[in-house]
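The values are calculated or read from the model by the stated rules, or taken from the named source; none is laboratory data. As the structure is a prediction and not an experimental result, all values here were calculated from the model. All Cβ positions, glycine included, derive from the backbone under ideal geometry; neighbour counts span all protein chains shown.
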Amino acid sequence: MTRRRYLARRLALLVLVVFGISIVAFLLVHVLPGDPARSRLGVFATEELVQLKRAEMGLDKSLPEQYVTYMGNVFRGDLGDSWRTHNPVAEDFVERFPATIELALAALLIAVVLGVSLGVAAALRRNGPFDHLATLLGILGISAPVFWIGLLLIIAFVTQLHVLPAPLGRLAPDVEVPTQITGLYVVDSILTANWEALRSSLLYLVLPAVTLGILPLAPITRMTRAAMIEALESDFVRAARALGLSRTQVVLKIALRNALIPVVSMVGLQLGYLVGGAVLVEIVFTWSGIGLYLYRSVIGLDFAPIQSLVLIVGVLFALINLTVDMLYFAIDPRIRVA
Amino acid sequence: MATAALVPRPLRSALDVPSRRVASVWYQVSQNTLTVFGLILIAVVVVFAIFAPLIAPANPVSGDLLNTTQPPSSQHLMGTDQFGRDIFSRVVHGARVDLAVAGIVVSVAFVLSVVLGALAGFAGRVVDELVMRAMDVVFSFPPLILAIGIAVTIQQGGMLSLVVALTVIAIPPMVRITRAEILHRKESLYVEAARAIGSSPLRVLAVHLVPNSLPPLVVQATLTFGYVILETAGLSFIGVGVKPPAPEWGIMVSEGSPYVRTGEWWISLFPGLMIFVTVLGFNLVGNGLLDVLNPRRRRQ
């Protein structure tokens with residue numbers, strides 16, 4: 001398949017996927033068994049009032065009409081209002097998004113550093129201690145519930161060893177929030193040379209980041225190990241050895257660099273899954289990102305934020321997948337089929 | 001396996017009847033320590049589920065309000081929770097809830113995936129495109145977010161909404177596997193032979209293609225079983241799955257989490273451990289089956 005045809009096909013698929021996601025998000029609220037107008041007004045509202053509210057909310061129109069209105073609003077940046085926080089959902093979302101990004105990036109960083117090192121160590125000595133450790137971590141990563149791991153870490157480091165602060169937020173209550181530049185506390189406090197805030201935010205970040213990092217750790221380790229084994233047995237590594245390069249040079253400069261290509265795409269894909277895991281981790285650590293926001297909306301039956309989050313996260317996930325596929329296609333000439 | 005190689009080709013397929021195949025798989029599985037360990041874990045949980053009322057020393061939903069948040073002791077093996085309920089009894093009864101949800105989800109997803117995957121792979125063209133693009137759409141959601149969306153939408157259904165949400169996210173990988181198997185086998189000699197002697201397409205599909213495509217699907221179903229238990233617990237932890245006071249593991253971890261911060265660790269620890277042990281069991285068995293059924297993956 002030529003590059004242009006592949007691109008066209010992939011973009012057509014993206015349009016279809018985004019359309020599907022928007023339909024799912026739309027139906028989420030509009031096929032609810034209950035009457036949103038009535039549930040907003042309470043059981044004591046008169047039938048007349050409910051009818052008025054229905055008209056106001058546009059619920060008396062046909063479903064396709066309502067869908068067009070809904071999508072029109074979305075494209076204007078209007079995601080509806082949360083009746084729990086009394087703010088527009090878009091505003092709430094922008095406010096909380098940096099916290100989730102900070103958590104996800106920190107988790108990914110931990111997973112990449114640990115996963116790649118462990119994967120390389122496992123590949124260098126197959127069936128050695130690091131290989132067994134990698135297998136063990138892999139099984140743990142897909143078998144243990146992430147919220148439970150978070151609680152175990154709290155038990156160990158907070159309530160038993162007393163080395164880390166209680167899991168309540170992103171910063172100690174007596175530390176001032178660093179001036180907002182990116183919204184990522186760690187980055188902001190470095191940029192404003194606020195060392196007290198940096199120390200505090202790092203202490204609060206480490207446990208949730210490690211917890212969330214366990215999810216992508218297993219696949220990254222497995223991928224690195226497999227790619228390294230393949231690279232180490234390849235002709236170019238043999239050639240490098242024959243040229244007399246040192247073992248370190250061969251492993252790090254030649255084999256690892258080639259092995260990292262599939263790992264990079266794997267990391268991209270993991271980003272989407274991290275969002276799902278972030279919901280659970282944010283609940284455990286009362287981390288005020290979009291996961292905790294989603295959780296509180298679910299508990300409070302606040303539908304506008306839930307609907308918007310499904311839409312936004314779904315589209316983001318699709319875009320990440322597309323980018324990763326494109327990168328992969330650009331890097332690896334072998335992928336020219338389907 | 002060694003004897004099969006000595007048998008001439010026409011006879012070999014006659015010998016390869018399902019019961020023999022199952023026996024051979026069973027033998028190979030039993031050679032792998034980790035897989036056997038996984039089987040034992042699953043067996044323990046299944047025994048818990050079946051004999052829950054006999055094993056559990058106390059009622060799982062009504063507690064003794066004079067004995068709340070007691071640490072593990074000889075009287076309460078895993079301690080008591082904030083309502084004075086015996087955690088061990090709740091953990092044992094929890095096996096029923098979680099295994100039942102996962103059992104239903106995996107069975108329904110299995111049947112639907114075989115039908116959809118076979119349809120897509122066998123009919124091809126428009127049907128194939130329709131089915132597979134629909135799967136792409138489902139696949140392009142982060143699973144937990146999609147499940148939350150579905151579970152919230154049909155929340156009046158209670159347990160039903162949970163089952164529907166988890167079934168939807170379990171289907172796409174199984175459909176892909178089935179379709180790939182069917183596509184791959186459609187061109188094989190035995191299908192051609194069956195066609196040549198006048199078998200109808202439906203018969204070719206039902207008698208030859210589908211049964212031969214099942215092994216990789218069984219592996220996927222085993223792995224899915226563990227995954228569904230994990231997601232059931234996750235959704236219940238968030239509050240959109242099974243509802244309290246049902247003794248579901250995820251709810252129990254969630255109910256204990258505020259107490260973890262004040263040092264009462266046992267309320268969340270043991271139910272979480274049960275989730276881990278059960279999912280671990282299914283993952284070990286799934287990986288073991290994968291090694292047996294797919295020789296390329298076997299380790300030297």
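Of the residues in the range A:19-31, how many are at pLDDT 80 or above, in contact with a helix residue (DSSP H, G or I) (Cβ under 6 Å, 6 or more places away or on another chain) and either surrounded by fewer than 11 Cβ atoms within 10 Å (Cβ to Cβ) or not small (Gly, Ala, Ser) (or both)?
2
Would you mind stating whether A:Ala240 is in contact with a Phe, Trp or Tyr (Cβ under 7 Å, 6 or more places away or on another chain) and away from every other protein chain (no Cβ under 14 Å)?
Spelling it out, it is not the case that A:Ala240 is in contact with a Phe, Trp or Tyr (Cβ under 7 Å, 6 or more places away or on another chain) and away from every other protein chain (no Cβ under 14 Å).
Show the residue pairs that are 6+ apart or on different chains and have beta-carbon atoms under 7 Å apart, the first residue being within the range A:295-308 and more than 10 Å from chain B (Cβ to nearest Cβ), the second being charged (D, E, K, R) and part of a helix (DSSP H, G or I).
Going by the 7 Å Cβ cut-off, the qualifying pairs are A:Pro305/A:Asp92.
Please pick out the residue among A:Gly80, A:Gly34, A:Gly72 that is surrounded by fewer than 17 Cβ atoms within 10 Å (Cβ to Cβ) and modelled with pLDDT of 80 or more.
After ruling out the rest, the residue left standing is A:Gly72.
Determine whether the range B:233-241 contains at least one residue that is within 12 Å of chain A (Cβ to nearest Cβ), of a type in the set (S, T, N, Q) and in contact with a Gly (Cβ under 8 Å, 6 or more places away or on another chain).
yes
Would you point out which residue out of A:Leu103, A:Leu108, A:Leu124, A:Leu118 is under 18 Å from the mean Cα position of the chain (by Cα), crowded, with 17+ Cβ neighbours inside 10 Å and either farther than 30 Å from B:Glu264 by Cβ or not assigned by TED's automatic domain parsing to the domain that holds A:Ser265 (or both)?
A:Leu108
Just checking, which of A:Gly150, A:Gly183 is in a helix (DSSP H, G or I) and either more than 21 Å from B:Tyr259 (Cα to Cα) or in the same structural domain as A:Gly268 (by TED's automatic domain parsing) (or both)?
A:Gly150
Is it the case, given these coordinates, that B:Arg133 is assigned to a helix (DSSP H, G or I) and within 17 Å of B:Thr232 (Cβ to Cβ)?
no
Hey, can you tell me all the residues within the range B:97-137 that are closer than 30 Å to A:Val281 by Cα, surrounded by 19 or more Cβ atoms within 10 Å (Cβ to Cβ) and more than 14 Å from every other protein chain (Cβ to nearest Cβ)?
Passing the criteria: B:Val97, B:Leu99, B:Val101, B:Val105, B:Val106, B:Ala109.
Every residue, every condition in (1) in contact (Cβ under 8 Å) with a residue 40 or more places away in the chain; (2) assigned to a helix (DSSP H, G or I), yes or no:
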{"residue": "B:Gly256", "(1), (2)": "yes, yes"}
{"residue": "B:Gly263", "(1), (2)": "no, no"}
{"residue": "B:Ile267", "(1), (2)": "yes, yes"}
{"residue": "B:Phe270", "(1), (2)": "yes, yes"}
{"residue": "B:Leu273", "(1), (2)": "no, yes"}
{"residue": "B:Val277", "(1), (2)": "yes, yes"}
{"residue": "B:Phe282", "(1), (2)": "yes, yes"}
{"residue": "B:Gly286", "(1), (2)": "yes, yes"}
{"residue": "B:Leu289", "(1), (2)": "yes, yes"}
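Among the helices (runs of 4 or more DSSP H) contained in the range B:16-104, which hold 3 or more residues that are out of contact with any helix residue (DSSP H, G or I) (no Cβ under 7 Å at 6 or more places or on another chain)?
Correct list: B:18-30, B:33-50.
Would you kindly identify the helices (runs of 4 or more DSSP H) lying entirely within the range B:138-224 that contain at least 3 residues that are away from every other protein chain (no Cβ under 14 Å) and closer than 20 Å to B:Asp128 by Cα?
Fully inside the range B:138-224 and qualifying: B:159-186.
Condition test on B:Gly272, is it at the interface with chain A (Cβ under 7 Å from one of its Cβ atoms), surrounded by fewer than 21 Cβ atoms within 10 Å (Cβ to Cβ) and either out of contact with any Pro (no Cβ under 7 Å at 6 or more places or on another chain) or on the phi < 0 side of the Ramachandran plot (or both)?
Spelling it out, it is not the case that B:Gly272 is at the interface with chain A (Cβ under 7 Å from one of its Cβ atoms), surrounded by fewer than 21 Cβ atoms within 10 Å (Cβ to Cβ) and either out of contact with any Pro (no Cβ under 7 Å at 6 or more places or on another chain) or on the phi < 0 side of the Ramachandran plot (or both).
Please find, among B:Leu209, B:Leu166, B:Leu214, the residue that is more than 21 Å from the chain's Cα centre (by Cα) and modelled with pLDDT of 85 or more.
Selected residue: B:Leu209, the only one of B:Leu209, B:Leu166, B:Leu214 that is more than 21 Å from the chain's Cα centre (by Cα) and modelled with pLDDT of 85 or more.
Quick one: in the range A:203-238, which of the residues that are among the small types (Gly, Ala, Ser) and at pLDDT below 85 is nearest to A:Ala166 (Cα to Cα)?
My answer is A:Ala231.
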